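Participant: What follows is a structure written as structure tokens; I'll ask about it next.
The values are calculated or read from the model by the stated rules, or taken from the named source; none is laboratory data. Quick caveat, the model's predicted, so the values are computed rather than measured. In this analysis, Cβ positions are derived from the backbone assuming ideal geometry, glycine residues included, and neighbour counts consider all displayed protein chains. The accessibility values were calculated without ligands, DNA or RNA, using every heavy atom of the protein model including side chains. Shrake-Rupley method; radii C 1.70, N 1.55, O 1.52, S 1.80 Å.
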Amino acid sequence: MDTKHCALDGWVDAIPVPGPRDTVTFTLVVRPADIDTLDDDAPDTVVTCTSGDPRITHELLNGIQPGDLLRATGTLVQPPTPGEPARLTVDALEVLDTALVPVLREMVLDRYGDYVVIFDADTDTVPVFTAHGTWVGLADNPDAIATLIDIHERVNGGDA
């Protein structure tokens, strides 16, 4: 597998998603520096990024929104199959520019102290995570969020 340490500048395509073992995954849309020399219909490069660094995870889950321009530095792994996105394991992150207006329309993130919930207009269920990205559970409806958080705190000793 071909790997390379590099820095990529790109726009966040969607809300970063918490992953297993306190990681976070997000997608960058990267355009080449020589974009003016390419055809108008040339596809953008999509890179799937992952990080387990607690500072980066916190920033991605709390301060980044779709449309933000980031510089992600880390180890790039070329996909084993053509057509699949490349993967970047991020060890440094810099916000170059922020989106002017939040582009969240169908889903809304909200904070409950040390917890993050995702409201989706298409469903009553509400995913709940800690602010560090640890999965807490799926509340059956918005009224059940507090109960789910209370159970999580009792089981885990009150630490989010």
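Participant: Exactly which trypsin sites (Lys or Arg not before Pro) in the stretch 48-119 are in a DSSP loop and have at most 13 other Cβ atoms within 10 Å?
Facilitator: R105
Participant: Continuing with this model, one more query. Here are several values of Rg and Dmax of the Cα atoms in Å: (1) 17.6, 59; (2) 18.4, 59; (3) 16.0, 57. Which one was derived from the coordinates shown?
Facilitator: It is the one labelled (1).
Participant: Now for a different question. Cut-off 10 angstrom, C-alpha nodes, Gaussian network model of the chain. Which of T75, T45, T123 fluctuates the most?
Facilitator: Among T75, T45, T123, the largest mean-square fluctuation in the Gaussian network model of the chain belongs to T123.
Participant: Please list W11, W135 in order of solvent-accessible area, largest first, computed with a 1.4 Å probe with all protein chains present.
Facilitator: Correct descending sequence by accessible area is W135, W11.
Participant: Among D68, D122, D143, which one moves the most in a GNM of the chain with springs linking Cα atoms closer than 10 Å?
Facilitator: D122
Participant: Another question about this same structure. Between R31 and A144, what FRET efficiency follows from the Cβ-Cβ distance if R0 is 35 Å, with the result rounded to 0.05?
Facilitator: For R0 = 35 Å, the calculated efficiency reads 0.25.
Participant: Here's another thing I want to ask about it. Using the Cα centre of the chain as the reference point, and only Cβ charges (+1 on K/R, -1 on D/E), how large is the resulting charge dipole? Debye, rounded to the nearest 20.
Facilitator: Here the size comes out at about 520 debye.
Participant: Turning to a different aspect of this structure: Given the whole protein assembly as supplied and a 1.4 Å probe, what does the accessible area of F119 come to in Å², nearest 10?
Facilitator: That residue has around 60 Å² of solvent-accessible surface.
Participant: If you take the charge dipole of the chain about its Cα centre, with +1 on Lys and Arg Cβ and -1 on Asp and Glu Cβ, which of L70, V30, L93 is farthest toward its positive end?
Facilitator: So the residue we want is L93.
Participant: Let me ask something else. Rolling a 1.4 Å sphere over the protein heavy atoms, what is the accessible area per residue of the chain, to the nearest Å²?
Facilitator: Dividing the accessible area of the chain by its residue count gives 61 Å².
Participant: Ranked from the most accessible area to the least, with a 1.4 Å probe and all protein chains present, what is the order of E84, E106?
Facilitator: Descending accessible area places them as E106, E84.
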